[in-house]
Amino acid sequence: MPKAVVTFVRSVDKLNTVVGIFSMYLVFMMIAILLYEPIARNLFGISSIWAVEMAQFTMAAYYLLGGGFSMILKGHVRMDLLYGRWSEKKKAKVDAITSMFLIFYLVFLLIGAYSSIEYAVMYGQKNRSAWAPYMAPIKIIMGTGVLLMLLQSIATFFKDIAKARGEKL
């Protein structure tokens with residue numbers, strides 16, 4: 001593989017590993033938010049309208065930012081009817097083909113995310129809830145997650161091509 005491809009794959013793997021490890025800790029933030037609401041309401045009589053919605057935003061950030069890291073760990077679900085019996089090279093060839101479908105899908109998802117982010121920023125879009133938070137921050141996080149997943153899909157595609165050729169990347 002060309003040196004630029006190797007550098008790209010290593011950089012994307014490192015970036016998604018750092019972001020993925022950070023996003024793992026978002027679960028604790030979500031738990032803290034969800035614990036705050038009943039404790040504040042029952043002990044201090046303070047009711048908050050933002051807690052559940054903020055926990056939902058935190059959970060969305062958790063799974064979208066962790067998607068690329070999950071690909072590195074091979075944590076995504078795959079159907080194993082025939083796959084488990086194949087050789088490593090055949091698995092790599094099939095994975096490279098299916099990666100192209102994923103990349104195609106993620107490109108369109110990223111285009112939609114960009115359009116949604118642009119709209120939210122331009123018009124100051126707010127959620128239709130009692131709290132009415134601005135939607136731009138969570139949409140930017142969601143778009144970033146899709147971008148990181150796309151980059152990791154491309155890196156995985158290159159890894160599969162290398163493995164199919166019998167090379168180590």
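Computed from the coordinates by the stated procedures, all read-outs in this text should not be read as laboratory data. If you're wondering where the values come from, they're calculated on a predicted model, not measured in any experiment. Please note: Cβ atoms are built from the backbone with ideal geometry, for glycine as well, and neighbour counts cover all protein chains shown.
So if I take the centroid of the Cα atoms in region 106-169 and the same for region 23-81, what is the distance between those two points in Å?
When both Cα centres are located, 18 Å separates them.
Treating only the Cβ atoms of Lys and Arg (+1) and Asp and Glu (-1) as charged, compute the dipole magnitude of region 3-164 about its Cα centre; round to the nearest 20 debye.
600 debye
Can you list the lysines whose alpha carbon is less than 21 Å from that of K91, not counting same-chain residues fewer than 8 positions off?
K74, K159, K163, K168
Using Cα springs under 10 Å in a Gaussian network model of the chain, which residue among G20, G67, G45 shows the largest mean-square fluctuation?
Its mean-square fluctuation being the largest, the pick is G45.
Based on Cβ point charges of +1 for Lys and Arg and -1 for Asp and Glu, what charge dipole magnitude is obtained for region 13-107 about its Cα centre, in debye rounded to the nearest 20? Could you put the intermediate results ahead of the total?
Working: 9 positive and 6 negative charges, 109 e Å.
Roughly 520 debye for region 13-107.
Between A132, A96, A51, where does the largest GNM mean-square fluctuation fall for the chain, given springs only between Cα atoms within less than 10 Å?
For the chain, modelled as a Gaussian network with Cα springs under 10 Å, the answer is A132.
Could you work out which residue, out of F104, F69, F44, moves most in a Gaussian network model of the chain, that is, has the largest mean-square fluctuation with Cα springs under 10 Å?
Result: F44 has the largest fluctuation of those listed.
From the list (1) 53, 31, 27; (2) 64, 36, 31; (3) 56, 40, 32, can you say which value of Cα extents along the principal axes in Å was derived from the structure given?
(2)
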